[in-house]
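FYI, it's all coordinate maths here, none of it is from the lab. Because the structure is predicted, anything quoted here is derived from the model rather than measured. Backbone-built Cβ (ideal geometry, glycine too); neighbour counts: all protein chains shown.
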Amino acid sequence: MSRREIDGLYRVCVKIYASKHEIEDHAELLVPIFHEWIRERVLDVVMLDVADYAHAPDSPGIMLVCHEVSFALDQADGRFGLLAQRRTPIDGTAADAIAVTVRHVLDVGARLEYDPRVAGKLKLDPSTLRIEANDRLLAPNSDAGYKTFVPLVRDGVRAAFGRGEPVVKRIDNDPRDRLAVEVQLDSAFDVYE
Amino acid sequence: MNVPVVGGVVFDLSVVSTESERVPEPGLQDMSVDSRTWREVLAERIPVSVAEEIDVYENQLELRKQEKLEETVFAELRLRRGAYGQRYDNGQRYDGTETQDILFPRRGLTKGPDTEWDAPGMQRIKIPFGKLSAEQVEVLADCAEEYSNAVLHITTRQDIQLHFIDIEDTPDMHRRLASVGITTREACGNSVRNVTGCPKAGICRNEQFDISPYANAETWFLLGHRDVQDFGRKFKIAYSGCEHEGCARVMMHDLGFVAAVRTIDGSEERGFRVVVGGGLGAVPHVAKDLYEFMPESQMIPVSQAIARVYARLGQKRNRNKARIKFLVAKLGIEEFRRLVDEEIETLEEDPRWSDWLDEAHLPVIEGLSEAATDGSAESKPGFSDWLKTNVYEQRQGGFVAVTVNLPLGDITSRQARKLADIMRQYAPDAMRTTVDQNFFLRWIHDQDLVALYNDLYAAKLGLSGAGTIADVTTCPGTDTCKLGISSSRGLGAELRERFEDRGLHFDPLLKGVQVKVSGCPNSCGLHHLADIGFYGSSRNVGAFKVPHFQLLLGGSLEKNAGNYGLAVGAVPSKRVPETVDRLLELFTEQHEVGESFRGWVTRVGKKTIKERIKDLLEVPAYEEDPTYYVDWHDAREYSIGDIGVGECAGEVVTLTQFSLANAESKTFDASVIVDDPNSTESEATEAAGEAYEAIILAAQGLLKHEDSDVKSDPGQVFSRFQREFIETELFFERFIGSREWGYFQAAHEAGGEARDRDEARRRVEESQLFIEAAHACYTRLLQTQASGNGEGIKVAR
């Protein structure tokens, strides 16, 4: 698979995990917040609706569905965190799609953490990102897929933060799952400044 | 550029460009020459004719994008590929205070009338008689993950639905599904929908024979057949292996087959009892007997002939009267049978009518030849509860079938893959979806049961309570459906959780009590078939709109779902759980030994029951408790937002509201009579008169909005209503009004009379729907009035 092929990739997911999570009733807390965001158009995307999958175990939980990217308080991989799933093509490369999605997840994470209704119940740890290629045609969960995906992830993460050298590690998951990597952002990113 | 802070860390985002959508010029989407596509990758795995169909669909999609194809034509074409609309696809959304435009990038480009191209839609995927292989489950999981939100939803007709789909992803999704033998063709639109069948087919202890090969042959014969392309509405077919159980709900279908065996000269012959003209929808019809016994070899020709008669004579212009049930009711079953018999004679012989029949008689064993485990596994917690509710002993000794209980019919992609692994381990190709929105794993060796449970438990799929009161069925409702009035899934989730918390799913007295919820009267949640059913409605309280659910009692699944419940009264949405509790308490106190819930309802009577729940039908004033004015699992105010709260505090009840309340009461009385098995035929038909009076009262109520001095003479009310509400189109709004006006006309023309109990029952249902439409119309009148007063009322769509 060539870089040229995979550059068409835009379906990517970025997840940041919670280091603190004391939300008892997700729907009660998050549904009003997301509806308010839609009403006040607080994000720079076209926000559509709130979906509630909290009844299904290890599901996307409460989702804010947007035209370009959806956000979920997700438990699908067994760990709670905030997931952003890119849904539409982007004007740019796959690395740009990753960068924009990283940016989105951080933006939404920040808004949630600092919402007075959430205050203190949720802390997200931005030093580890889970990045997934959500396209089995362009980026299969294989050694070849991984080899092609890694430079895109590096470029994307660097573009999102503007500096630093991310440590990218392949996640050893079910081969039928999405190709997934874990990205560690160390001090080179100055994220702890 | 804002600077988000996550985990106390500041990120400089100025290095990332702002969101910028690529909006390709029509027909100019770039595609590298060496890019691989699903079309190329899967070419070898898709039958040529199927691949061509999908190519044609993709071309149609491109043409519509370039606006070279009419939007109405494209809408029907995509529907016939299962690509359905979804809530807010007209580009507008009520946000709790006002209706806002959704600023889609290609606003104005449509995929159907009033349907924005960029708006996400729903993909319905046909699963004939619910049969799925492990490989198919995996591909479905992939599609859900890449094109949807990683959740697969099982419907009440054994389909699978994915939501929030981009229309431009649909051709590739169809290819991927086709590569494992799944079709989306004719999953929606005016066509033959998914052919459903009893999930226990082939393993049931009570069936006459396995209907699976018959349902399969019917599916593939009719799919895309020229005789099923010109219907006025959809056409649903179901197969049952027995007369008495309700697993296949045959009596609510347009065409139903019930397995039957007769003995002639000492040899057994397979065939079917054939029924036609059933249907739920807003006004339910129980199917009529077309043939008491039709030999198996005639099954497909009969279906073909029925399709041809329906296509030729069924209503096309008025979609509210276009289902085959209306044609059967209009012609009468005798005449309909005569036409079908005549039609069969005209058919050209087709080898596909019977070339599969020999195979249908071969015994089928879908289980592994030997157990997968040695049976020594120690069970995980919850096994004994699960064993009580989720395991069915097959007819074939040594095998069991297991229900995988899915909350609200949802399963995640990851769970689905784990389920595929479990299938491969224990019975690879033996799974079915069910009309109760669950999976059914068949052909499991007894010996493997504990190990299987442990695997399901690990995948968080070991939920007990299948088929119990906690296994609540719901349609998508206001979550995603364009027609939803109230949040059926929100209510369903709430009820389920409460039942489980109190362990009601293990209460032997409540065994078999079913709760089903639809978000509107159209019955996708099958509310008519439940012991306790609900459908979404709304009511005005003062200046506000309040979500409600109409309560139905008395339905049942017995006799292939041949008993429909009738409305008792509209319950405020937030009081539904209390109402259900009260009903269960009353049943617990008053039931006689061995009496079913339905039996209790029939004995005690709905009038008495309604009296006992009367206090729960009240809605407190907004100032007292605003939570009543918000639907389940929503945060938006359902009602008229910020209209002069002080003014409505007086709770002035208008003449219109009084009339509508009286109309409801009248309809309720009529429903009690038609539903009472002890009522005489003449009493039942007289109830149609009461239903007609209820319509007159509701119409009179609307007229009173402008003129308090309205005469009560039915003829005058009819004429004035026609003049003031029909000719002015005041009574009509997108999906509401025209069908209900038809009900008024029909009842008026009949002078409030009905030929028999069935017709009377229909009239009662219709009067209830007319009243619902009158409520909706009244809300609009208030809205218009308030806007005129400059009060800026905004009403939820």
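Mind jotting down a quarter of the surface of the convex hull over the alpha carbons of the range B:407-462, in square nanometres, one decimal?
Average projection, Cα convex hull of the range B:407-462: 3.7 nm².
If you project the alpha carbons of the range B:385-502 onto their three principal axes, what span does each projection cover, largest first, in Å?
On the principal axes, the range B:385-502 reaches 47, 29, 26 Å in Cα extent.
Name the shape class, rounded, prolate or oblate, that the alpha-carbon gyration tensor gives for the range B:695-752, where a ≥ b ≥ c are the square roots of its eigenvalues, rounded holds for a/c under 1.5, and otherwise prolate holds if a/b is larger than b/c and oblate otherwise.
Here the range B:695-752 falls in the oblate category.
Distance from the Cα centre of the range B:565-616 to that of the range B:53-88, in angstrom?
For the range B:565-616 versus the range B:53-88, the Cα centre distance is 47 Å.
Rounded if a/c is under 1.5, else prolate if a/b beats b/c, else oblate: with a ≥ b ≥ c from the C-alpha gyration tensor eigenvalues square-rooted, which is the range B:183-309?
Judged from the Cα gyration tensor, the range B:183-309 comes out prolate (a/c at least 1.5, a/b above b/c).
Could you give the length gained on full extension between B:LEU347 and B:ARG502, defined as 0.36 nm per residue of separation minus the Cα-Cα distance, in nm?
Here the segment from B:LEU347 to B:ARG502 would lengthen by 50.0 nm.
Of all the stretches in chain A, which is the longest one without any exposed loop site, taking trypsin sites (Lys or Arg not before Pro) in a DSSP loop (any state but H, G, I, E, B) with at most 14 other Cβ atoms within 10 Å?
For trypsin sites (Lys or Arg not before Pro) (loop position, at most 14 other Cβ atoms within 10 Å), the longest site-free span of chain A is A:118-162.
In nm, give the distance between the simple-model label positions of B:GLU749 and B:SER708, each being 7 Å from the Cα along the Cα-to-Cβ direction.
3.8 nm
Just to check I understand the Karplus step: with θ = phi - 60° and J = 6.51 cos²θ - 1.76 cosθ + 1.60, what whole-Hz values come out for the range B:46-57, glycine and proline as x?
Whole-Hz 3J(HN,Hα) from phi for the range B:46-57: 10, x, 3, 5, 5, 4, 5, 4, 5, 4, 4, 4.
Just to be sure I understand: of the beta bridges DSSP finds with both ends in the range B:122-245, what percent are antiparallel, rounded to 5?
If we restrict to bridges inside the range B:122-245, about 60 percent are antiparallel.
So, R0 is 22 Å and r is the distance between the beta-carbons of A:GLU36 and B:ASP114; what FRET efficiency does that work out to, to 0.05?
Computed FRET efficiency for A:GLU36 and B:ASP114: 0.20.
Using bins 10 angstrom wide from zero, how does P(r) for the range A:53-193 break down, in % of all Cα pairs?
11, 40, 38, 10, 0
What value, in deg cm²/dmol to 500, does the helix sum -39500 (n - 2.57) over DSSP H runs of n ≥ 4 give at 222 nm once divided by the residues of chain A?
-10000 deg cm²/dmol
If each residue's Cβ is checked for other Cβ atoms within 10 Å, how do A:ILE33, B:ILE696 rank with the fewest at the top?
Taking fewest neighbouring Cβ atoms as first place, the list is A:ILE33, B:ILE696.
What does a probe at B:GLN396 reach in the range B:361-380, counting residues whose amide N is under 15 Å from the point 7 Å along Cα→Cβ?
Label zone hits: B:361-372.
So for chain B, Kirkwood radius off the Cα pairs, Stokes-Einstein at 4 °C and 1.567 mPa s: how many µm² s⁻¹?
In µm²/s, the coefficient is 46.
To check my understanding: the extent here is largest minus smallest coordinate of the Cα atoms along each principal axis. What are those three numbers for the range B:274-405, in Å, largest first?
62, 39, 25 Å, listed from the longest principal axis down.
For the protein assembly as shown, what is Rg from Cα atoms divided by 2.2 N^0.38 Å, rounded to two decimals?
0.94
Which shape class, rounded, prolate or oblate, goes with the range B:661-763 when its Cα gyration tensor gives a ≥ b ≥ c as root eigenvalues, a/c under 1.5 marks rounded, and past that a/b bigger than b/c marks prolate?
Prolate, since a/c reaches 1.5 and a/b exceeds b/c.
Across all directions of projection, what mean area in square nanometres is found for the Cα convex hull of the range B:496-634?
8.9 nm²
Between B:ALA458 and B:LYS511, what is 0.36 nm times their sequence separation minus the Cα-Cα distance? Round to one decimal in nm.
Contour length minus Cα-Cα distance gives 16.4 nm.
Mind checking the mean number of beta-carbon atoms from other chains within 10 Å of the Cβ atoms in A:61-74?
3
Rounding to the nearest 20 debye, state how big the charge dipole of chain A is about its Cα centre with +1 on each Lys and Arg Cβ and -1 on each Asp and Glu Cβ.
In debye, rounded to 20, chain A gives about 480.
Please list 3J(HN,Hα) in residue order for the range B:497-509, calculated via the Karplus relation 6.51 cos²θ - 1.76 cosθ + 1.60 where θ = phi - 60°; whole Hz, with x for glycine and proline.
4, 5, 4, 5, 4, 9, x, 5, 6, 10, 6, x, 5
Let me confirm one metric for peptide A:42-50, namely the mean number of other chain beta-carbon atoms within 10 Å of its residues' beta-carbons.
If you average over the peptide's residues, the count of other-chain Cβ atoms is 5.
Please give the net charge around B:PRO284, taking every other residue with its beta carbon less than 10 angstrom from that of B:PRO284, where Lys and Arg add +1 and Asp and Glu add -1.
Net charge in that neighbourhood comes out at +2.
To the nearest µm²/s, what D does Stokes-Einstein give for the range B:50-102 at 37 °C and 0.692 mPa s, using the Kirkwood radius over alpha carbon pairs as Rh?
Translational D for this selection: 256 µm²/s.
Order by neighbour count: B:ARG598, B:ARG612, fewest other Cβ atoms within 10 Å first, most last.
Exposure proxy ranking, most exposed first: B:ARG612, B:ARG598.
With angles folded into 0 to 90 degrees, how steeply does helix A:26-40 sit against the dominant principal axis of chain A? Use alpha carbons for both and round to 10.
So the inclination is approximately 80 degrees.
Tally Lys and Arg at +1 and Asp and Glu at -1 over the other residues with C-beta under 12 Å from the C-beta of B:ILE444: what net charge comes out?
Once positives and negatives cancel, what remains is -4.
Rounded to the nearest 500, what is the 222 nm mean residue ellipticity of chain B from helices alone, with -39500 (n - 2.57) per DSSP H run of 4+ residues and division by all residues?
Taken over chain B, the calculation gives -11000 deg cm²/dmol.
For A:LEU48, which sequence-distant residues (separation of 5 or more, or a different chain) have an amide H within less than 5 Å of its own amide H, given hydrogens modelled in the peptide plane?
A:VAL65, A:CYS66, A:HIS67
Okay, which of the range B:209-240 sit inside 16 Å, backbone N to the point 7 Å along the Cα-Cβ direction of B:ARG312?
Answer for the range B:209-240: B:226-232.
Please give the length that would be gained between B:THR37 and B:ASN206 if that part of the chain were fully extended, namely 0.36 nm times their separation in residues minus their C-alpha to C-alpha distance (nm, one decimal).
In short, 56.0 nm is gained.
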